[in-house]
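These notes are about the structure you will find just below.
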């Protein structure tokens with residue numbers, strides 16, 4: 001459970017201890033652990049970790065701060081589109097793929113890549129530095145490695 005979720009629980013009970021309210025801590029903790037991590041809560045947590053206000057993030061991402069507040073509060077109908085999520089991720093300096101995945105906005109074709117930290121790191125780095133010639137060289141390298149695997153596999157099968 002995140003610090004943000006603990007603070008929300010604490011504020012719900014006006015600063016009173018759960019045991020003073022007759023609430024079973026273990027049951028409450030189990031329920032809270034099973035709470036779904038939402039896009040809005042994650043966004044709020046990331047924003048707070050960066051020390052940004054709603055208005056600061058809204059300006060940086062090019063959205064209205066009241067819209068951002070509704071997103072953070074998981075109001076129905078206020079889940080941003082993919083481009084807005086990318087803008088928010090850029091403003092927060094976080095991986096857009098993680099936010100897109102959490103918002104169920106990641107294209108299924110990228111789901112496999114999104115699940116691999118090494119693949120995400122590769123594409124992030126390639127996007128930062130690769131030129132068109134680099135892409136051609138990388139493609140050639142991948143194809144030659146696949147060809148070598150195919151050749152090795154055929155030799156083993158013939159034995």
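The values are calculated or read from the model by the stated rules, or taken from the named source; none is laboratory data. Keep in mind the model is a prediction, meaning the values are calculated, not measured. Glycine also receives a Cβ, built like all others from the backbone with ideal geometry; neighbour counts cover every protein chain displayed.
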Filtering the stretch 41-59 down to residues that are surrounded by fewer than 19 Cβ atoms within 10 Å (Cβ to Cβ) and under 23 Å from residue 107 (Cα atoms) yields 42
By residue number, the members of the stretch 76-110 that are within 12 Å of the chain's Cα centre (by Cα), part of a loop (DSSP other than H, G, I, E, B) and surrounded by fewer than 18 Cβ atoms within 10 Å (Cβ to Cβ) are 93, 94, 95, 104
The condition from (1) modelled with pLDDT of 90 or more; (2) more than 24 Å from residue 127 (Cα to Cα) that residue 83 misses is numbered (2)
Among the residues of the stretch 111-137, the number that are surrounded by 10 or more Cβ atoms within 10 Å (Cβ to Cβ), assigned to a helix (DSSP H, G or I) and under 27 Å from the mean Cα position of the chain (by Cα) is 12
* To do: Please indicate, with yes or no, whether at least one residue in the stretch 60-75 is assigned to a loop (DSSP other than H, G, I, E, B), under 14 Å from the mean Cα position of the chain (by Cα) and surrounded by 12 or more Cβ atoms within 10 Å (Cβ to Cβ).
  => no
- Task: Please indicate, with yes or no, whether at least one residue in the stretch 42-50 is in contact (Cβ under 8 Å) with a residue 24 or more places away in the chain, within 29 Å of residue 135 (Cβ to Cβ) and either assigned by TED's automatic domain parsing to the domain that holds residue 135 or not in a helix (DSSP H, G or I) (or both).
- Result: no
Across the stretch 105-121, the tally of residues that are under 19 Å from residue 84 (Cα atoms) and touching a residue at least 24 places away in the same chain (Cβ under 8 Å) stands at 1
